[in-house]
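Here the structure comes first, spelled out in structure tokens, and everything after it is commentary.
Please treat every number below as a calculation from the coordinates, not as lab data. Predicted, not measured: the structure shown is a model, and the values here were computed from it. Positions of Cβ are generated from backbone atoms using ideal geometry, with glycine treated the same way; all protein chains shown enter the neighbour counts.
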Amino acid sequence: MAIMSSRLIRHQICKEELKKLGAKVLDIQGIMFYVKFILNDSVKLSYIYHLNPDNTYFLERVKPYSMAIGEYDTEEDIVDTIRVDHEQFQNAMNSKNFVSFIEIDNKISKLVRIFEDLYLYYNIDTDDLTLLNDGVYNMLEIIKGIQSRSERVYYKKDPDILKDDINF
């Protein structure tokens, strides 16, 4: 008779919690996990998390756009984070601007990769770096302005990053 480790038992419980939310969970060799939701015909919400060598977990959202979410100590923390994120996306889908939001986020994600190619492949002048930095600062100011004149629609959790004192 096989004895399951406490980690495997906790993982099974977490997989069941995700399935209750409507997710399909794929186990990739016991160290990487793919979590997939189908929110509607055109919107899929997917995550990958994996076990790090120090027994923490790294979570990233891969659809509808890629974004590293963070490192967590337990799978229960992963489930809680996915639960809130899933709920927030379901709420955001009620917006008539949801598709535009996703398109802009995909462009921003692509911009990060373009910027990386810029500095990995080219020797950038200091003045050009200043120009880029000023552009990023201006974008942050635009986002903060939009936040200040927009109605908040989700209150179960405060934003992780977008706070009144955010700076680069």
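Structure data summary
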{"item": "Extension gain (nm, one decimal) between ASP158 and LYS44, 0.36 nm per residue minus Cα-Cα", "result": "38.6 nm"}
{"item": "Cα→Cβ-extended label distance, 7 Å offset, between GLU76 and LEU129, nm", "result": "4.5 nm"}
{"item": "The chain: Rg to Rh, with Rh as the Kirkwood radius over Cα pairs", "result": "1.03"}
{"item": "Ascending count of other beta-carbon atoms within 10 Å, so fewest first, for SER66, SER109", "result": "SER109, SER66"}
{"item": "0 to 90° range, to nearest 10: angle between helix 126-148 axis and the chain longest Cα axis", "result": "70 degrees"}
{"item": "Degrees between helix 75-92 axis and first principal axis of the chain (Cα, 0 to 90, nearest 10)", "result": "50 degrees"}
{"item": "Viscosity 0.890 mPa s, 25 °C: Kirkwood-radius Stokes-Einstein D of the stretch 6-92 over Cα pairs, µm²/s", "result": "189 µm²/s"}
{"item": "Proximal lysines relative to LYS163, as straight alpha-carbon distance under 21 Å, when same-chain residues fewer than 8 apart are discounted", "result": "LYS144"}
{"item": "FRET E, pair VAL84, ILE114, Förster distance 25 Å, beta-carbon r, rounded to 0.05", "result": "0.25"}
{"item": "Contact order relative to length of the chain, as percent, for alpha carbon pairs under 8 angstrom and 6 or more apart", "result": "11 percent"}
{"item": "Degrees, to the nearest 10: 98-121 long Cα axis against longest axis of the chain", "result": "70 degrees"}
{"item": "Cα gyration tensor shape of the stretch 98-148, rounded if a/c is under 1.5, else prolate or oblate by comparing a/b with b/c", "result": "oblate"}
{"item": "Distance between the stretch 116-168 and the stretch 29-65 - C-alpha centres, whole angstrom", "result": "25 Å"}
